[in-house]
Amino acid sequence: MPPNADTSILRNRIATKVNAPTDFVDSDDASTQPTLRSMKGLKGTEVAIDGIIYDISEFVHPGGEVVKFFGGNDVTVQYKMIHPYHTGKHLEKMKEVGKVVDYAPEYKFDTPFERDIKKEVFKIVRRGKEFGTNGYFFRAFCYIAFFFFMQYTFATSTTFFTHSNWWESGIVTAVAFGVAQAFIGLNVQHDGNHGAVSKKPWVNDLFGFGTDLIGSCKWNWMAQHWTHHAYTNHDEKDPDSFSSEPMFAFNDYPLGHPKRKWWHRFQGVYFLFMLGLYWLSTVMNPQVLDLRQRGAQYVGIQMENDFIVKRRKYAIMLRATYVTLNFICPAINNGFSLATFGIIMLMGMSESFTLSILFSLSHNFVDSDRDPMAAFKKSGEGVCWFKSQVETSSTYGGAVSGWLTGGLNFQVEHHLFPRMSSAWYPYIAPKIREVCKNHGVNYAYYPWIHQNLISTFTYMHRAGTGANWALKPLSGAD
């Protein structure tokens, strides 16, 4: 997850949109005819799925009120990726109030590949058992205990520069606390905000607030991350794919593209340093004031519904608490100086490096599918969503890596089943690789993390220099 870019850059992007008429109602017989509206005409208490508009204002969702988070939006992809067991009958529980006239699906579901994947995975993880295991909760509470111990230590320490023992020094405390925060981000809040910890919504919410404990914001994180999951590596709809621009580019733009900058030629050297600033750009991000995550907003996600508006004050309060504990308290205890600020920055960069390096590996590697919508652009035929998730993601290591990274080393498995607890990914990975092989779907697997890391550095260098677009001598390529 790269640093947030200047939002003015996002506004300059040109996205493909479907021309639609202004909102209107087919009034031949208003009592029997469904309301016909454009996507922009959705109310904050409505969602659209497969072109059908549903009123969720009084809908009691088994997964909690989070369903109202995306009110006012088309949630077709989000709905299907979070509810792998659902059929059309489940939608009958919601009140249908109209139809969208400009619905143009880019992805297709219920493909032979998807059916085979689900068939094999559901043999391993039975319905209702996909949430956190005893092992997951044990690890999660260990990470939580470590975090709170280090939070207390960092906020109350007076020995940043006057320590008697090496472990009391500001450098050691900062690095340890930074890593502790990263463990919360990887192992606690991530599963919580995906609704994968428990069947009980309040448990998922509680774990999800771990995002705010480490300097981010639960609701902004969900807006960007769920959109990223729905449209992975989509060059116009995945906020993660362009939110680092113009400092460096994850997208491999064609030669001469206006998004290419001369300094991108060196991004293979400096992008890692820039990722280290992710923490600072997040903590100081003013988007916490209005909960309008600019990356998600740019690609069309509406964030003005009552659910979001009512939570702004809580987001501000949580951010103020974080700043007090991790900026003001250390400064009071150790002096307002550049040295103290340096310790605070070391803490943040330790968190950033741990989180960002692991996230950057996930979808930026040699031979990753950087244009999953290519077939749709050429033919207008929908792309298999399950196939696109596999070919835009990578997996490295095994169970031990999963215990440390919250299962995020299993990015292929996570993107196929984002609401499944990370504890299950080591068990389903071999079968998923087998199904992919049978269907001719490219599955990127690296036995060791350093192999994935080298592949990421190689990709970033090639994307920055345009090497993948350069003519190959004697190859006959054009």
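The values are calculated or read from the model by the stated rules, or taken from the named source; none is laboratory data. The model shown is predicted, which means the values in this text are computed figures rather than measured ones. A quick note on method: Cβ atoms are made from the backbone with ideal geometry, for glycine too, and the neighbour counts reach across all protein chains shown. Ligands, DNA and RNA are excluded from the accessible area calculation, which covers all protein heavy atoms including side chains. Shrake-Rupley method; radii C 1.70, N 1.55, O 1.52, S 1.80 Å.
Ignoring ligands, DNA and RNA, what percent of the accessible area of the chain is carbon or sulfur (1.4 Å)?
Using a 1.4 Å probe with all protein chains present, the chain comes out at 61 percent carbon and sulfur.
Would you list the P(r) distribution for the chain, with all Cα-Cα distances sorted into 20 Å bins from 0 and each bin expressed as a whole %?
23, 57, 19, 1, 0
Write down, largest first, the equivalent ellipsoid semi-axes of segment 111-231 in whole Å, where each equals the square root of 5 times an eigenvalue of the alpha-carbon gyration tensor.
36, 16, 13
Can you give the three extents of the C-alpha atoms in segment 329-478 along their principal axes, from longest to shortest, in whole Å?
Per principal axis, max minus min of the Cα coordinates gives 63, 43, 31 Å.
Can you list the aspartates and glutamates whose alpha carbon sits under 15 Å from that of Lys200, skipping same-chain ones fewer than 8 residues off?
Glu65, Glu130, Asp191
May I ask for the angle, rounded to the nearest 10°, between helix 338-361 and the longest principal axis of the chain, with both axes built from Cα atoms and the value confined to 0 to 90°?
Approximately 40 degrees, to the nearest 10.
With every protein chain in place, what's the accessible area of Lys237 (1.4 Å probe, Å², nearest 10)?
50 Å²
Could you work out the percent of alpha carbon pairs in segment 264-384 separated by over 18 Å, rounded to a whole number?
When all Cα pairs of segment 264-384 are counted, 70 percent exceed 18 Å.
How long are the semi-axes of the equivalent ellipsoid of segment 422-471, defined as square roots of 5 times the Cα gyration tensor eigenvalues? Whole Å, largest first.
With the √(5λ) rule applied to segment 422-471, the semi-axes are 29, 16, 7 Å.
Leu36's amide H: which non-local residues (gap 5+, or another chain) put their own amide H closer than 5 Å, with H modeled 1.01 Å from N in plane and none for Pro or chain starts?
Amide H to amide H, under 5 Å and 5 or more residues apart or across chains, Leu36 pairs with Asp26, Lys99.
Just to confirm the filter: which GluC sites (Glu not before Pro) across segment 81-123 are DSSP coil and have at most 13 other Cβ within 10 angstrom of their Cβ?
Glu92
Measuring with a 1.4 Å probe in the full set of protein chains, what accessible area per residue, in whole Å², belongs to the chain?
Per-residue value: 46 Å².
Within the set Lys199/Lys313; Lys123/Lys378; Lys43/Lys119; Lys43/Lys129; Lys99/Lys431, which residue pairs have Cα atoms separated by over 30 Å?
Distance filter (> 30 Å) returns Lys123/Lys378; Lys43/Lys119; Lys43/Lys129; Lys99/Lys431.
For a quick check of your reading of the filter: which GluC sites (Glu not before Pro) in segment 317-420 sit in a DSSP loop and have no more than 14 other Cβ atoms within 10 Å?
When the GluC sites (Glu not before Pro) of segment 317-420 are filtered for loop state and at most 14 Cβ neighbours within 10 Å, Glu381 remain.
Give the share of C-alpha pairs in each 10 angstrom bin for segment 194-320, from 0 to the last occupied bin, in whole percents, shortest bins first.
12, 35, 36, 14, 3, 0
If I fit a long axis through the Cα atoms of helix 170-184 and take the longest principal axis of the Cα atoms of the chain, what angle between them do I get, 0 to 90°, rounded to 10?
Rounded to the nearest ten degrees, it is 20.
By how many degrees, 0 to 90 and rounded to 10, does the Cα axis of helix 425-439 deviate from the longest principal axis of the chain?
Approximately 40 degrees, to the nearest ten.
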